[in-house]
Structure formats: structure tokens, C-alpha cells
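Enquirer: Shown below is the structure under consideration.
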Amino acid sequence: MAKALLGHLGRDTAPTARLDSENARLRGRVADLEALVRHLSEENDRLVADLALVRERDAVMQPA
């Protein structure tokens, strides 16, 4: 039975190559999306800080 399984697995490498290629493509896409998430998170942090400064400035400038 082991010989049959080894023969079956070693017979056709095209599906394995296709899966390896797809896996590499997906890993690249995940890396791209992770970089985008980091960029958007940094931009969001910057915008939140800017908004806090604007609100603080407006609070100081309003008459008492």
C-alpha cells in the first residue's frame, strides 16, 4: 500500500507546482494588504492627532 501511495504522489507534480505558485501569489497579496493596513493605520493616527490639535485650538479661541 505504501508503494501505491508513493507512486500516486510522485506521479504528477503539476498540481503541486500550481499550488506552490498560487500559495506564493497569495502570500504576496497578504503582504501587500498588511502594508496597506499599516499605512492606513499610520494615516489614521496622524489624522486623529491633527483633529485633537484643531479641537484644542478651537476651544482656546472661543470666548468664555
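Enquirer: Answer yes or no: is there a residue in segment 15-26 that is modelled with pLDDT under 95, out of contact with any Ser or Thr (no Cβ under 9 Å at 6 or more places or on another chain) and not in a helix (DSSP H, G or I).
Expert: Checking segment 15-26: not a single residue is modelled with pLDDT under 95, out of contact with any Ser or Thr (no Cβ under 9 Å at 6 or more places or on another chain) and not in a helix (DSSP H, G or I).
Enquirer: For segment 48-57, check the following and say yes or no: at least one residue is at pLDDT below 80, under 33 Å from the mean Cα position of the chain (by Cα) and surrounded by 10 or more Cβ atoms within 10 Å (Cβ to Cβ).
Expert: no
The values are calculated or read from the model by the stated rules, or taken from the named source; none is laboratory data. This one's a predicted model, so the numbers in the text were calculated from it and none came from an experiment. Note: ideal-geometry Cβ built from the backbone for every residue, glycine included; neighbour counts use all protein chains shown.
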